[in-house]
Amino acid sequence: MGFFPASARARRAAISFLAALVLQGASAAAEPVKHLKPGDYKSRIVAGRKGRVLLVNFWATWCEPCREEMPHLVAAAKKFPSKDLAVVLVSLDSQKTGPNQVPKFLEAQKVPFVSWLAKARDPQDFIDTVDPTWDGSLPYTLIYGRDGTISTRLPGLQTEAAFTEAIRKAVGAR
């Protein structure tokens with residue numbers, strides 16, 4: 001695992017993005033998907049957001065309940081200022097289809113959140129790293145308190161009201 005200066009990293013990302021546009025016919029507004037290995041979950045997703053409530057939604061483009069739930073998540077998150085709430089999506093789409101399908105879906109649905117693509121040889125490694133109590137079913141949402149510990153688990157399809165209430169509790173709003 002190597003680290004590259006920001007300029008080299010930016011050039012690589014731009015080249016990858018342009019190649020994806022040419023090869024896959026993606027829209028120019030679609031964001032490239034960032035890959036996330038199980039061992040990087042806590043440092044890349046959770047640690048940097050301490051001080052704010054963090055909602056992490058695990059989903060996939062092929063998961064109908066996930067697709068149905070996404071507008072509810074977007075609507076609920078809009079009720080809270082970004083200084084209080086961060087939202088991150090982690091797609092469990094395959095490495096083959098995810099880099100194309102995830103940005104297309106997010107753009108079509110006008111989803112404003114950063115999305116990562118889980119990258120693990122064995123999905124169970126990713127599941128165990130994220131939350132050993134998770135059975136791997138989708139959608140699955142974790143809400144972390146301001147201290148970076150899990151405060152709420154929301155398995156299955158959620159409504160806007162359910163997301164709003166869980167976020168409200170974690171933020172400490174009434």
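Each value in this text was obtained by applying a stated rule to the coordinates, not by laboratory testing. Because the structure is a prediction, the values reported are computed rather than measured. Neighbour counts are summed over all protein chains in view; Cβ atoms, including those assigned to glycine, are modelled from backbone coordinates with ideal geometry.
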Using a cut-off of 12 Å between beta-carbons, work out the net charge of the residues near Ser82 (Lys and Arg +1, Asp and Glu -1, Ser82 not included). +4
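What number, in nm² with one decimal, is the all-direction average of the projected area of the convex hull of the alpha-carbon atoms of the stretch 49-174? Intermediate results must be reported in sequence, preceding the final value.
Details: hull surface 28.6 nm².
Spelled out: convex hull of the Cα atoms, projected over all directions, averaged, 7.1 nm².
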Inter-probe distance in nm under a simple model that places probes 7 Å from Cα toward Cβ, at Lys83 and Asp125: 4.1
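Could you tally the net charge around Gly51, taking each other residue with its Cβ under 14 Å from the Cβ of Gly51, Lys/Arg +1 and Asp/Glu -1? Mind dumping the intermediate values first?
Details: positive: Arg49, Lys50, Arg52, Lys83, Arg146; negative: Asp84, Asp147.
With Lys, Arg at +1 and Asp, Glu at -1, the net is +3.
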Summed side-chain charge close to Asp93 - residues other than Asp93 whose Cβ falls under 14 Å, Lys, Arg +1, Asp, Glu -1: +4
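Mind scanning Lys104/Lys169; Lys34/Lys169; Lys37/Lys96; Lys79/Lys104; Lys50/Lys169 and naming the pairs with a C-alpha gap bigger than 27 Å? Could the numbers behind the result be given before it?
Values: Lys104/Lys169 32 Å; Lys34/Lys169 30 Å; Lys37/Lys96 16 Å; Lys79/Lys104 25 Å; Lys50/Lys169 16 Å.
Check vs 27 Å cut-off fails for Lys104/Lys169; Lys34/Lys169.
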